[in-house]
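Below you'll find the structure, written out as structure tokens, and then a few comments.
The values are calculated or read from the model by the stated rules, or taken from the named source; none is laboratory data. Fair warning: this is a prediction, and the values are worked out from it, not measured in the lab. Here the Cβ positions follow ideal geometry from the backbone for every residue, glycine too, while neighbour counts run over all protein chains shown. Note: areas computed on protein heavy atoms with side chains; ligands, DNA, RNA excluded. Shrake-Rupley method; radii C 1.70, N 1.55, O 1.52, S 1.80 Å.
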Amino acid sequence: NNQVTDYGMSKTYGQNAGIILGGSANAIIHHNIVVNGSGPGIQIFGIGQIKLYDNIVSGAGIYTADPGLDDGIFIDNRPNLYPDRPLQIYAFNNTVINSQRNGIRFINTNNTNATGNLFYNNLIVKVGSTGYGDRDYLNVAGGIDNVQSNNLYIANIADVKFVDAAANDFRLQTGSPAIDGGKDLTSLGVTNDFDYNTRPYGAAFNRGAFEY
């Protein structure tokens, strides 16, 4: 339930994310909105299973001096002092808009990731990276075991039919392609949306942070 805006204004590399989870940290990150900064919106270097769901990240990297080098959600591993707790990511129903590079980027610097990383029902819109197809939106490095399903990638913000993207209201209007089409994640602990409305409402889970 954190709101983070205009973050990283000193533009100090490595310390300019909206939310940073350090190398030996473990957390569940949910129901946060992170808007407009000089680095990644959410940056994860933790250990163990980390759940990341019902978050909104918009404008990651828009204040940087090097456009195109920042991601909405950036994930990497660090030398792990607890080898029995390798990093495993569950990223569900996040809405990521207007990142200067990838919407979600997961790399493998120290080869300390677990298998079974899951990326479901994420809505990723308008990214700076081009030419790599779906990997412009969700970029998982080779060698990382992961499953991706029911994510939605859209190039133009207007096509999503947000209520008012300019005012950072990323709720959905009638006819949005993000309505329904998602995977039921009740068994994985996702039972409500960003506004704490019950999921699913209607035929199926929506993609992104909001049920319509």
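Per-residue answers, yes or no, for (1) without any contact (Cβ under 8 Å) to a residue 60 or more places away in the chain; (2) open to solvent by less than 60 Å² (accessible area, probe 1.4 Å); (3) not aromatic (Phe, Trp, Tyr):
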position: 120; (1), (2), (3): no, yes, no
position: 128; (1), (2), (3): no, yes, yes
position: 173; (1), (2), (3): yes, no, yes
position: 181; (1), (2), (3): yes, yes, yes
position: 188; (1), (2), (3): no, yes, yes
position: 204; (1), (2), (3): yes, yes, yes
position: 209; (1), (2), (3): no, yes, yes
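What number goes with the only condition from (1) over 23 Å from residue 197 (Cβ atoms); (2) in contact with a strand residue (DSSP E or B) (Cβ under 8 Å, 6 or more places away or on another chain) that residue 85 does not pass? That leaves (2) as the condition not met. Residues that are within 19 Å of residue 73 (Cα to Cα) and β-branched (Val, Ile, Thr) occur at least once in the stretch 155-170. The residue list 137, 201, 212 contains one member that is at pLDDT below 95 and among the aromatic types (Phe, Trp, Tyr), which is 201.
Against the list (1) under 13 Å from residue 97 (Cβ atoms); (2) in contact (Cβ under 8 Å) with a residue 12 or more places away in the chain; (3) surrounded by fewer than 14 Cβ atoms within 10 Å (Cβ to Cβ), the condition residue 157 fails is (3).
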